[in-house]
1. Would you check if there is a residue in the range 82-90 being modelled with pLDDT of 75 or more, out of contact with any Leu (no Cβ under 9 Å at 6 or more places or on another chain) and either in a helix (DSSP H, G or I) or of a type outside the set (A, V, I, L, M) (or both)?
2. For residue 7, indicate whether it is under 16 Å from residue 132 (Cα atoms) and of a type in the set (A, V, I, L, M, F, W, C).
3. Going through the range 1-34 one residue at a time, which ones are out of contact with any Leu (no Cβ under 9 Å at 6 or more places or on another chain) and closer than 26 Å to residue 54 by Cβ?
4. Checking the structure you have, find out if any residue of the range 36-54 is touching a helix residue (DSSP H, G or I) at 6+ places or on another chain (Cβ under 9 Å) and more than 30 Å from residue 121 (Cβ to Cβ).
5. Of all residues in the range 49-76, how many are touching a residue at least 60 places away in the same chain (Cβ under 8 Å) and farther than 30 Å from residue 103 by Cβ?
6. Search the range 1-52 for residues being more than 29 Å from the chain's Cα centre (by Cα) and among the acidic types (Asp, Glu), and hand back the single one that is surrounded by the fewest Cβ atoms within 10 Å (Cβ to Cβ).
Amino acid sequence: METVLELLDRAESVLRRHLARLPAERRQAIEDEVLGLFRMARAALPRELHQASRLMEEAELALARSREEARRIVLDAQAHARSLAEAGAAHGRAPEGHVAIEEAKREADRIRRGADEYAATVLARLEAEMEKTLAAIRRGQEVLRATGGRDRRA
């Protein structure tokens with residue numbers, strides 16, 4: 001599901017794409033007016049929504065980085081375990097290679113758990129920000145209803 005900010009960005013992109021087809025004299029007036037409305041719509045959104053959007057982007061980046069780091073560590077551990085196993089087999093000590101592989105697997109599991117815990121923490125923070133945003137939206141709707149405005153839920 002797309003956020004309001006993403007939908008505004010998409011709508012602006014569509015507008016810009018179609019504006020290019022208009023004659024220059026008409027294009028500028030329409031562009032100034034409609035893009036001005038997009039700026040006003042973004043500015044009218046609650047501050048918490050902008051914060052939540054930034055937090056969501058941060059969470060997604062942090063999760064991707066954590067997963068990539070965990071993947072890299074697992075690959076390094078597996079390569080190290082293989083080299084230990086090969087060295088052990090060359091010296092007739094295959095059981096040590098098996099121990100190294102098990103140790104690498106435990107380390108990989110520990111890294112994955114850490115990445116999952118970090119992602120859970122970031123997502124909990126994002127959830128709290130989203131709850132604040134929803135509360136701000138509901139307060140705004142109540143103000144509109146109280147002042148006689150129409151309910152503008154989409």
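1. yes
2. In short, no.
3. 1, 2, 6, 7, 9, 10, 11, 13, 14
4. yes
5. Matching residues across the range 49-76 total 7.
6. First, pick out the residues of the range 1-52 that are more than 29 Å from the chain's Cα centre (by Cα): 18-33.
From what's left, among the acidic types (Asp, Glu): 25, 31-33.
Working: 25: 7, 31: 15, 32: 10, 33: 9.
The selected residue is 25.
The values are calculated or read from the model by the stated rules, or taken from the named source; none is laboratory data. Every value quoted in this text rests on a predicted model; they were computed, and no experiment measured them. Methodologically, a virtual Cβ is constructed for each residue, glycine included, from the backbone with ideal geometry; neighbour enumeration extends over all protein chains shown.
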